[in-house]
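Colleague: Before I ask anything, let me first share the structure, which is written out below as structure tokens.
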Amino acid sequence: MWINIAAGSHRTGARGRVIELDRVHRMDAFEGLSRLPDESVDLVLTDPPYNIASAGRTTIVRGQIMSTQKAWGSWDSLDAAAYDAMIQRLVAECYRVLKPGGSFYMFSAREQNGVFIRYAEQCGFSYRNQLAIVKTTPLPSMAKKNWRSAFELCLYVVKGTDSRPGMPGTFNFVSQKELVNVYYHPSCAKVTRHPTEKPFEMMKRIVRVSSNPGDLVLDPFMGSGTTAAACVETGRRFVGFETNPEYIKMANGRILAGRKAA
Ligand SMILES: C[S@@+](CC[C@H](N)C(=O)[O-])C[C@H]1O[C@@H](n2cnc3c(N)ncnc32)[C@H](O)[C@@H]1O
């Protein structure tokens, strides 16, 4: 198995397949992951489907109230057992491709977060923290029978054990102010039409803190390419996968704009 980052490609000797870096590939996440060699990635930053879309759960898209199932499409509503198996497989694959000491950040629905931290620990990751996005302009409670939902969580774990000298591998402590694990964000501040676009500044901060310029960052569920855009702006290499061609177009637009601005 060999790796050739300088030439812009990865190759696994086992199957002889090449994967180009600095691109969002139209590919299933697990197909893409299978092409990456062991211990070849410095940071995984990903936002997989939360599996919370349903006919009865509403959201607002460009001023219109609609079900999350209609707004987000079929990618966010899998059978519960299939979803659980998918996340376990994702965590295990990310562990395999990360270098020792590499960081793994994964957003997930609040109700699942604790379970997913346990899956990560079972693989050999060490729990470090959780980051919260606090929405300063949350959606109203439509039925007025529950609290308004105003935060999302992202788990942060590191490959290897806490007792190992030098753990975690990369942690660039920027400042006390910037390293608080809560990020305030107005829900309306989006740059694309992707229904679940993540805050760019927060993603950029994670990339800066947990990787170094020239490092390779992986996002197997790129969506509108927020992770890729953050990498372009901070001088990291990236590789990512996404199945929806409309979202890939959005990602490519952001990557191109970032490269032009650099
Ligand atoms: C939560 S969204 C990611 C949003 C992204 N963080 C952003 O800022 O735009 C998850 C994405 O995963 C994609 N997706 C779902 N299943 C996939 C799969 N098996 N392989 C690759 N992408 C997939 C969906 O199309 C969706 O765009």
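Colleague: Rg and Dmax of segment 91-161 over Cα atoms: what are they, in angstrom?
Modeller: Gyration radius and largest Cα-Cα distance of segment 91-161: 15.0, 47 Å.
Colleague: Quick check on my link table: of Lys70/Lys99; Lys144/Lys198; Lys204/Lys249; Lys99/Lys190, which ones sit more than 29 Å apart, alpha carbon to alpha carbon?
Modeller: Cα-Cα > 29 Å for Lys70/Lys99; Lys99/Lys190; rest within.
Colleague: Then there's this: Evaluate the distance, in nm, between pseudo-label points positioned 7 Å from the Cα of Lys70 and of Asn146 along their respective Cα→Cβ axes.
Modeller: Result: 1.9 nm between the two label points.
Colleague: Give the percent of DSSP beta bridges with both residues in segment 103-258 that are antiparallel, rounded to the nearest 5.
Modeller: 65
Colleague: Would you mind calculating the relative contact order of the chain from Cα pairs under 8 angstrom and at least 6 residues apart, reporting the percent as a whole number?
Modeller: About 22 percent, as a whole number.
Colleague: Only Lys, Arg, Asp and Glu count, each charged at its Cβ (+1, +1, -1, -1), so figure out the dipole size of segment 2-261 about its Cα centre, rounded to 20 debye.
Modeller: 600
Colleague: I'd like the antiparallel share, as a percent to the nearest 5, of DSSP beta bridges with both residues in the chain.
Modeller: Here the antiparallel bridges make up roughly 60 percent for the chain.
Colleague: If you take all C-alpha pairs in segment 2-261, what percent of them are over 26 Å apart?
Modeller: Here the long-distance tail beyond 26 Å is 39 percent of all Cα pairs in segment 2-261.
Colleague: Taking the Cα centre of segment 167-262 as origin, work out the dipole magnitude from +1 charges on Lys and Arg Cβ and -1 charges on Asp and Glu Cβ, in debye rounded to 20.
Modeller: 220
Colleague: Amide H neighbours of Val191 under 5 Å, counting only residues 5+ apart in sequence or on other chains, H built in-plane at 1.01 Å?
Modeller: none
Colleague: When ranked by the protection proxy of mean other Cβ atoms within 10 Å per residue, highest first, what sequence do the peptides 184-191, 226-233, 20-27 form?
Modeller: Result, highest mean first: 226-233, 20-27, 184-191.
Colleague: For the Cα atoms of the chain, what angle does the longest principal axis make with the long axis of helix 245-261, in degrees from 0 to 90, nearest 10?
Modeller: 60
Colleague: Round to a whole angstrom and tell me the spacing of the C-alpha centers of segment 34-68 and segment 88-140.
Modeller: Computed from Cα coordinates, the inter-centre distance equals 13 Å.
Colleague: Further question on the same structure: Between helix 200-210 and the chain, what is the angle of the helix's C-alpha long axis to the longest principal axis, kept within 0 to 90° and rounded to the nearest 10?
Modeller: Compared with the principal axis, the helix lies near 30 degrees.
Colleague: For the chain, with the dipole built from +1 on Lys and Arg beta-carbon atoms and -1 on Asp and Glu ones, taken about the Cα centre, which of Ala81, Gly258, Val44 lies farthest toward the positive end?
Modeller: Positive-most Cα among the choices belongs to Gly258.
Colleague: I'd like the GluC sites (Glu not before Pro) in segment 113-221 restricted to DSSP loop residues with at most 12 other Cβ atoms within 10 Å, sorted by number.
Modeller: Here the sparse-neighbourhood loop sites are Glu178.
Colleague: Under the rule of -39500 (n - 2.57) per DSSP H run of 4 or more residues, summed and divided by the residues of the chain, what mean residue ellipticity at 222 nm is obtained, to the nearest 500 deg cm²/dmol?
Modeller: After summing the helix terms and dividing by residue count, I get -9500 deg cm²/dmol.
Colleague: While we're looking at this one, here's another question. Would you mind computing, in nm to one decimal, how far apart the modelled labels at Thr243 and Asn181 are, each placed 7 Å from Cα along Cα→Cβ?
Modeller: 3.2
Colleague: Connecting C-alpha atoms closer than 10 Å in a GNM of the chain, tell me which of Lys249, Lys99, Lys198 has the biggest fluctuation.
Modeller: Comparing Lys249, Lys99, Lys198 in a Gaussian network model of the chain, the most mobile one is Lys249.
Colleague: Of the listed peptides 35-48, 122-135, what is their order by residue-averaged count of other C-beta atoms within 10 Å, with the highest listed first?
Modeller: Per-residue mean Cβ counts within 10 Å order the peptides as 35-48, 122-135.
Read-outs throughout are calculated quantities, based only on the coordinates presented, and are distinct from any laboratory measurement. Just so you know, these numbers come straight off a predicted model, no measurement behind them. So basically every Cβ, Gly included, is an ideal-geometry build from the backbone, and we count neighbours across all protein chains shown.
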